[in-house]
Amino acid sequence: MSNNALNIEFSPHARHWSVRGLVLLLVGILFVSAALLACVAVMAENASLTNNLEKLTLARQTAPRASPQHADPGNKARIQLVLDTEQRLLAPWPDLLAALESAPDHVALLSIEPSMAKRKVTLTAEAANPTEMLNYLKALQKDGRLSGVVLSSHQVLVQNPGTPVRFQLQAQWGSAL
C-alpha cells in the first residue's frame, strides 16, 4: 500500500503556529485578564467611595449646625466679620450706584456709608453752592430706586475758595433694588 494521500497546499509560505507563539499569546491573554480584574476592583472601590461621600454629604446637610454662641471668642469675631461682609456683598450695588450716578454731576460725592441692616445709605457730598445741593437732593428724591431721601446736615465752607457746601443725605433702598 502506497501512501497516495494528496497534500494540497494553497499557500506554501503560510506560517504555522509555533509553540513559542502560542505561549506568548497565552501570556498576553493573562496580562489583559489581570488588567481587567484590576480595573473592575478599582471601579468597585470608586463606587464604594462615592457611596460613602454621598452618605457623608447627606449627613452633613441634615446635621444640626453648631451655633456661633458655642464658638471661642476668636472664632466669634471671625464669624461675625464673615457674616457682615456677606451682608455688604448682598447689597444691590449696581442699582444703588446707578441711582447715585443718574443725579446731576455738579456734586462731588465724598463718601457712601451703607447700613445693611436698615437698608439705608448715608452720603457725604460737596456742591459749589446751595442751589446745586438742592438740585442733587431733588434728583435723588425723584429716582424710584431710592426712598426717604432727606438732607440730614449741611455746612458752608467759608474758608475754601468759592464757599462750597458740604452736606449729608440719607436714603433707603426698597425692594425694587
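A few notes on this one:
- Note on the range 1-104: enclosed helices (runs of 4 or more DSSP H) holding 1 or more residues that are touching a strand residue (DSSP E or B) at 6+ places or on another chain (Cβ under 8 Å), modelled with pLDDT of 75 or more and closer than 30 Å to ASP143 by Cα are 93-101.
- Residues that are of a type outside the set (A, V, I, L, M, F, W, C), surrounded by 15 or more Cβ atoms within 10 Å (Cβ to Cβ) and over 30 Å from GLU86 (Cβ atoms), drawn from the range 111-134: GLU126, GLU132
- For the range 108-148, taking the residues that are of a type in the set (Gly, Ala, Ser) and not in a loop (DSSP other than H, G, I, E, B), the one that is farthest from TRP173 (Cα to Cα) is identified as ALA127.
- So VAL156, is it surrounded by 16 or more Cβ atoms within 10 Å (Cβ to Cβ) and β-branched (Val, Ile, Thr): no
- Of the criteria (1) assigned by TED's automatic domain parsing to the domain that holds PHE167; (2) exposed (fewer than 14 other Cβ atoms within 10 Å of the Cβ); (3) free of Cβ contacts under 8 Å to residues at least 40 places away in the same chain, which one ALA98 fails: (3)
- Residue tally, condition crowded, with 17+ Cβ neighbours inside 10 Å and either of a type in the set (S, T, N, Q) or in contact with a Lys or Arg (Cβ under 9 Å, 6 or more places away or on another chain) (or both), over the range 159-173: 4
- Reported count of residues in the range 91-123, each being touching a helix residue (DSSP H, G or I) at 6+ places or on another chain (Cβ under 7 Å) and of a type in the set (Val, Ile, Thr), is 2.
The values are calculated or read from the model by the stated rules, or taken from the named source; none is laboratory data. Given the structure is predicted, the values throughout are model-derived calculations rather than measurements. Virtual Cβ from ideal backbone geometry, glycine too; neighbours counted across all protein chains shown.
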